[in-house]
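The values are calculated or read from the model by the stated rules, or taken from the named source; none is laboratory data. None of these values were measured; they are calculated from a predicted model. Here the Cβ positions follow ideal geometry from the backbone for every residue, glycine too, while neighbour counts run over all protein chains shown. Please note that ligands, DNA and RNA were not included when accessible areas were found on the heavy atoms of the full protein model with its side chains. Shrake-Rupley method; radii C 1.70, N 1.55, O 1.52, S 1.80 Å.
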Amino acid sequence: MLNTLTPQLIKLQQPSPAELTTIDRDNLWAEFGQLKIADSTRKQYVKAIENFCQFAYSGSANPERIAEFLALDRYAAIEMVLRYRRYSIDRKLAPSTINVRLAAIKSLVEMARKLGKTTIDLGDIESIPSESYRDTRGISVEQFKSMLEAIDPSTPIGVRDYAIMLLFWGNALRRGEIASANIEDFLPQQQKLTILGKGKRAKVAIDLTDSVSYALEEWVNFHPCNAPGQPLITSLSHNCYGARIAGDSIYRIVQGYAEAAGIERRVSPHRLRHSSITAFLDASGGNLR
């Protein structure tokens with residue numbers, strides 16, 4: 001997975017001298033988005049430069065802003081990137097995420113240097129040691145209960161979010177498995193949910209507890225379009241009402257209730273999933289099936 005890689009492992013394929021002659025030197029930003037590297041890496045790099053421009057210039061990345069950055073002298077550029085690095089750390093981003101963003105900026109600068117478009121050298125900017133910032137602690141059963149208590153069960157959003165939270169805790173699902181489920185995948189009479197597991201080609205049925213199944217039934221009663229083929233969990237926001245909920249939205253839901261419950265550390269869907277597994281093993285030592 002890209003977000004677990006360090007800059008040393010992400011090797012950008014730089015243009016050869018022959019390729020450089022065909023590059024539009026006035027549109028370096030467009031060429032950066034067409035580099036011959038893995039699609040996932042390229043998308044992450046482009047997104048990283050967008051984020052950097054938002055920080056440095058309060059606007060999206062474009063040729064003019066890229067050129068303005070590349071026109072800085074070496075020390076001004078290093079100062080700007082170091083401030084961005086500090087800003088990312090202060091936001092408590094994962095070291096792997098910060099390192100990918102720094103690698104993207106360095107790759108853009110290196111490409112520009114090969115084209116004679118800049119004299120910047122970012123070789124002195126170091127990546128973030130993952131060990132120094134790793135926090136593997138989960139949350140307790142009591143903290144999870146506090147998150148549930150922060151949900152308002154009298155609203156459709158609350159009913160939906162309650163079901164999402166119980167799917168994480170009761171079945172240790174991944175957010176992608178929750179987001180990809182359709183209405184017909186939920187079988188209330190059998191108390192089962194058919195999910196597409198990570199890396200799997202076919203869906204499998206999993207058993208639901210009484211509480212999880214009941215929570216999903218309650219949500220289906222509020223569902224914007226309860227029909228086969230529709231997503232099981234949907235957005236309820238104005239601009240995409242009824243559409244399949246996004247993984248990022250699920251992340252924000254979990255983190256929002258963690259903050260409302262007064263949990264200081266960042267609680268992600270992944271951490272919530274692992275916390276539920278740990279709590280189950282501590283309580284019973286039973287079979288996780």
Exercise. Kindly indicate whether any position in region 276-284 is modelled with pLDDT of 90 or more, among the hydroxyl-bearing types (Ser, Thr, Tyr) and surrounded by 15 or more Cβ atoms within 10 Å (Cβ to Cβ).
Key: no
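It is to be established whether one or more residues within region 151-159 are in contact with a Pro (Cβ under 9 Å, 6 or more places away or on another chain), among the small types (Gly, Ala, Ser) and open to solvent by 70 Å² or more (accessible area, probe 1.4 Å).
So in region 151-159, the residues in contact with a Pro (Cβ under 9 Å, 6 or more places away or on another chain) come out as 156, 159.
Imposing the further condition that a residue be among the small types (Gly, Ala, Ser) reduces the set to none.
Looking through region 151-159, none of the residues is in contact with a Pro (Cβ under 9 Å, 6 or more places away or on another chain), among the small types (Gly, Ala, Ser) and open to solvent by 70 Å² or more (accessible area, probe 1.4 Å).
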Self-check item: Test: residue in region 150-158 that is part of a helix (DSSP H, G or I), in contact (Cβ under 8 Å) with a residue 40 or more places away in the chain and out of contact with any Phe, Trp or Tyr (no Cβ under 7 Å at 6 or more places or on another chain)
Solution: yes
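Matching residues to (1) at pLDDT below 90; (2) surrounded by 12 or more Cβ atoms within 10 Å (Cβ to Cβ); (3) assigned by the TED database to the domain that holds Asn171:
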{"residue": "Asn221", "(1), (2), (3)": "no, no, yes"}
{"residue": "Ala227", "(1), (2), (3)": "yes, no, yes"}
{"residue": "Gln230", "(1), (2), (3)": "no, yes, yes"}
{"residue": "His238", "(1), (2), (3)": "yes, no, yes"}
{"residue": "Glu259", "(1), (2), (3)": "no, yes, yes"}
{"residue": "His270", "(1), (2), (3)": "yes, yes, yes"}
Practice problem: Mind counting the residues in region 171-219 that are assigned to a helix (DSSP H, G or I), open to solvent by 80 Å² or more (accessible area, probe 1.4 Å) and touching a residue at least 40 places away in the same chain (Cβ under 8 Å)? | Solution: 2
Self-check item: Residue in region 228-237 that is closer than 23 Å to Ala150 by Cβ, of a type in the set (Val, Ile, Thr) and part of a helix (DSSP H, G or I) present
Solution: no
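Return the residues of region 137-147 that are part of a helix (DSSP H, G or I), surrounded by fewer than 19 Cβ atoms within 10 Å (Cβ to Cβ) and in contact (Cβ under 8 Å) with a residue 40 or more places away in the chain; say none if nothing qualifies. I'd like the intermediate steps shown before the answer.
Taking region 137-147 and keeping what is part of a helix (DSSP H, G or I), we get 141-147.
Filter again for surrounded by fewer than 19 Cβ atoms within 10 Å (Cβ to Cβ), leaving 141-143, 145-146.
Result: Val141, Gln143, Ser146.
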Quiz item: What do you reckon, is Gln44 at pLDDT 90 or above and either open to solvent by 50 Å² or more (accessible area, probe 1.4 Å) or in a loop (DSSP other than H, G, I, E, B) (or both)?
Solution: no
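Is it fair to say Ile178 is over 30 Å from Ala76 (Cβ atoms), at pLDDT 95 or above, in the same structural domain as Ala202 (by the TED database) and within 18 Å of the chain's Cα centre (by Cα)? Can you show your working first?
Details: over 30 Å from Ala76 (Cβ atoms): yes; at pLDDT 95 or above: no; in the same structural domain as Ala202 (by the TED database): yes; within 18 Å of the chain's Cα centre (by Cα): yes.
Criteria not met by Ile178.
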Practice problem: State which residue pairs qualify: first residue under 10 Å from Leu28 (Cα atoms) and inside region 55-66, second residue open to solvent by 60 Å² or more (accessible area, probe 1.4 Å) and modelled with pLDDT under 85 in any location, beta carbons under 9 Å apart, and separation of 6 or more residues or different chains. | Solution: Pro63/Asp26
